[in-house]
Amino acid sequence: MKYVSFLLYMFFCCTLCVAQPRGQIAVKGTVCAVDGRPIPYVSVFLHNTKFGALSDEQGNYHFTAPPGRYTFTASLLGYNRENKMITLHPAQKVTVNFVMEEKQHELDEVTVTGKSQVQQVNKSAYNVVGIDAKALHNATLSMTHALDRISGVKIRETGGVGSHTQISLNGFSGKHVKIFLDGMPMDGFGSAFQLNNMPVNFAERIEVYKGVVPIELGADALGGAINIVTNHAGNTYLDASYSYGSFNTHKSGISFGHATAKGFTVMLNAYQNYSDNNYKVKTKLLDLQTNSYSKEEYWFERFHDNYHNETLVAKVGVVNKPFADKLLLGVTLSKEKADVQNANLMKIVYGGRERRAQSIIPSLHYEKRNFIVPRLKFSLAATYNNARNNNIDTLARQYNWNNEYRKKGTKGEGVYTMGEYDNRNACVTANAGYRFAARHTLTVNNQFSRYSRKAADAAANSETASATISMRRTNAKNVLGLSYKIEINPRLNMLAFGKYYDVAVRGPINVSSTSVAEYEEQLRTYHTTGYGIAATYFPLRPLQVKLSFEKACRLPSEHELFGDESLETGDAALKPENSRNVNLNISYSHEAGSVHAVYFDAGFIYRDTRDYIRRRIEQRYGGAFYVNHGNVRNVGVDMEVRYCYKKSFSIGGNFTWQDIRNMEQYDVSGRTLIYYKDRMPNVPYMLGNADASYVFHDIFGKGSRLSLGYNLRYVHSFFRDWESEGGDIVIPGYLSHDLNVICAFKDGRYNIALEVNNAMDEIVYDNYSLQKPGRNMAIKLRYFLFKNKFKTF
């Protein structure tokens with residue numbers, strides 16, 4: 001509570017310091033684009049002084065300054081800087097409006113943007129890292145691989161294209177990190193439409209929240225959140241691409257948007273991925289005669305790992321109407337077919353298992369500024385996902401990595417099934433924000449979601465039937481949030497917030513007191529609260545400090561509660577996680593004219609988590625399950641540094657260190673645990689990235705660009721099990737190198753990219769024994785047409 005008391009004291013003391021200094025002159029105005037739309041978060045300031053402000057969401061700004069003659073500047077990344085000469089006289093009120101012109105997008109530069117460059121949240125106290133996804137559209141990256149370049153973020157994959165992916169953010173992974181698409185949670189969307197198969201071209205930008213998450217997202221996140229922001233520009237564009245790579249990998253996509261002068265708009269995104277995933281892995285060989293594994297490891301080619309998915313996202317609606325700034329109706333159709341090559345342990349291999357999924361997701365999005373009353377902004381978003389999953393395991397065989405098999409007496413390589421499961425997930429988010437007295441904003445948000453799974457196993461018989469198959473599985477939750485933000489002065493703003501969680505889970509619960517499981521259907525309900533405060537301060541114009549405290553709650557996900565009916569087992573009795581979090585962040589950015597630019601960022605995190613949900617691997621059959629694990633403490637730092645020279649050269653890197661320890665001292669019998677204060681097993685604790693690029697302009701004619709790029713990824717080795725229990729199995733670290741060459745012609749209309757990933761052919765693991773692809777190459781062709789003719793909304 002001492003953190004809460006201190007930060008609350010600072011919050012209420014600072015709210016008293018909002019009086020305008022005497023003798024100062026009020027300066028106000030608006031900032032808009034050439035097409036008339038307001039531009040938020042533009043830095044407007046008087047040169048060689050400390051006086052200035054950031055424009056709000058309506059493009060308005062205001063500040064005070066002493067009399068004098070100044071150069072007045074408006075600056076925002078992605079726009080040409082505007083300068084004006086003004087003279088401030090005593091007893092005068094000055095209004096200065098700016099019209100800013102957008103720069104031509106640098107489509108060939110692969111640049112990770114820092115916190116100070118995430119313009120949509122730059123003014124806020126939230127600790128945010130982002131990447132400009134448009135700068136990555138020429139690459140063959142998936143959304144997860146784009147995230148892998150951000151400090152504090154580690155993507156853990158189980159294999160190649162389409163494999164299961166976990167996102168680790170400052171040591172918290174899996175469902176600890178919430179994923180959003182345009183502010184809507186992706187929970188329950190199904191495996192056919194997830195970040196691991198979504199191309200980076202699908203996004204305009206990606207926002208990563210470390211620690212405190214805005215209540216507008218309605219999240220119950222514990223370790224942070226990721227928000228994928230798609231292109232909502234009211235203009236006409238066409239983006240089409242195709243790539244071919246190693247392991248017979250084909251990726252293609254098309255994005256189209258059109259808006260009329262009367263406000264009608266239509267947007268279409270479609271993409272597909274296919275891969276044989278037949279890369280080589282090193283593992284042990286099963287002797288089918290003795291049913292024992294070799295002591296040595298050998299190289300084998302994956303023979304049953306084809307992956308194919310297709311997705312179509314369509315939206316239609318109107319913008320800039322008297323009744324709505326935006327009203328969009330949409331539908332997402334997705335389909336997936338994936339072979340299952342191995343269990344969660346690489347040595348256990350399959351030759352006939354597969355999974356299929358398809359989903360239909362209708363959606364609604366509505367926004368209106370000045371809703372009913374002036375300065376009230378209201379938004380409503382809703383999705384309904386109807387997903388069907390099939391897990392197929394019918395062969396009466398046992399395989400080894402030579403693609404040899406022996407016949408079994410029972411059907412199924414694992415558990416005989418042709419399981420078909422209908423997953424339905426509805427989510428509605430309503431948000432209202434009211435700005436009053438120029439510097440104060442009150443926001444209320446409510447998000448309701450309900451998930452249900454219906455299982456109907458066509459292969460169930462006297463051998464495989466289970467009472468749990470017919471039991472209902474539902475998870476209903478409501479998150480209500482309220483926040484208050486005050487802009488104390490142009491350099492300091494603070495916010496306080498609270499959340500109330502209401503949850504009802506119905507599912508099979510093991511009520512047996514013996515080793516023999518006995519399940520019955522139960523309904524469990526609970527309520528809890530969360531709260532926090534955050535602040536940001538600019539002691540100098542290029543220097544920003546952020547501090548936040550939060551009592552956070554993370555509710556178990558559907559995957560953790562009910563499993564995946566294949567390799568993952570759920571537990572409907574899991575408790576929600578609770579954590580006390582502190583985040584401190586310092587960033588510095590400086591531009592010397594248009595020649596040199598330097599950016600530095602450093603962050604500190606502290607997490608004290610109770611009832612931590614931990615994923616564990618069952619060693620005999622390679623399945624996974626989830627348990628609550630008492631008390632876990634995480635102390636960590638991450639930092640990033642970057643230097644840019646003109647528009648030609650960029651070099652930078654980031655580093656993350658996190659110390660995640662078990663702080664549960666006693667077991668249920670009161671005995672001291674031998675692994676007390678051990679690092680949590682199977683979690684990377686030291687990692688980093690580095691990149692460099694050089695761009696040659698007009699080398700193949702006017703409007704052409706040639707970009708040479710290099711990326712490095714580093715992960716230190718870590719233990720799979722508790723170190724104090726004699727854990728001698730280490731997941732090896734790695735140092736991986738990627739190279740890319742990108743050519744763009746006619747100002748980015750025609751593009752071609754060549755990539756070499758893992759150029760040194762390192763053996764790379766994210767999870768124990770689950771090897772990722774070695775050296776692989778790809779070529780990508782892309783056509784992009786953009787007409788900025790109509791207003792952006």
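What to note about this one:
- Full-stretch length increase - Arg37, Asn370 - with 0.36 nm per residue and alpha-carbon distance subtracted: 118.3 nm
- Cα principal axis extents for segment 693-793, largest first, Å: 64, 37, 19
- Qualifying GluC sites (Glu not before Pro) in segment 151-225, DSSP loop, other Cβ atoms within 10 Å at most 12: none
- Over 25 Å between alpha carbons, listed pairs Lys377/Lys499; Lys262/Lys368; Lys28/Lys647; Lys262/Lys780; Lys284/Lys772: Lys28/Lys647; Lys262/Lys780
- Carbon/sulfur fraction of accessible area - the chain, other protein chains in place, 1.4 Å, %: 56
- Rh (Kirkwood; distinct C-alpha pairs) - the chain, Å: 28.0
- Only aspartates and glutamates eight or more places from Lys408 in sequence, or on another chain, were considered; those with a Cα closer than 19 Å are Asp287, Glu354, Asp393, Glu463.
- Tilt relative to the chain, helix 2-14 - C-alpha long axis, 0 to 90 degrees, to 10: 20
- Estimated FRET transfer efficiency (Phe323, Ala261; beta-carbon r; R0 22 Å; 0.05): 0.75
- A viscosity of 0.890 mPa s and a temperature of 25 °C, combined with the Kirkwood radius over C-alpha pairs in the Stokes-Einstein formula, give segment 271-343 a diffusion coefficient of 147 µm²/s.
- Calculated FRET efficiency for the pair Ser294/Asp667, C-beta based, R₀ 30 Å, to 0.05: 0.25
- Residue-span extension gain [Thr49 to Thr95] - 0.36 nm each, minus C-alpha spacing: 14.7 nm
- Efficiency of FRET from Cβ geometry, Val545 and Lys84, R₀ 25 Å, rounded to 0.05: 0.25
- Across the chain, C-alpha contacts under 8 Å between residues 6 or more apart give a mean separation that, scaled by the residue count, equals a relative contact order of 11 percent.
- Candidate cross-link partners of Lys134 among the aspartates and glutamates, defined by an alpha-carbon separation under 15 Å and a same-chain spacing of 8 or more, comprise Glu102, Glu106, Asp108, Glu109, Glu204, Glu207, Asp239, Asp747.
- Ile348 long-range amide H proximity, modeled H, under 5 Å: Ala343
The values are calculated or read from the model by the stated rules, or taken from the named source; none is laboratory data. Source: prediction; values computed, not measured. Methodologically, a virtual Cβ is constructed for each residue, glycine included, from the backbone with ideal geometry; neighbour enumeration extends over all protein chains shown. SASA here: full protein model, heavy atoms, side chains in, ligands and nucleic acids out. Shrake-Rupley method; radii C 1.70, N 1.55, O 1.52, S 1.80 Å.
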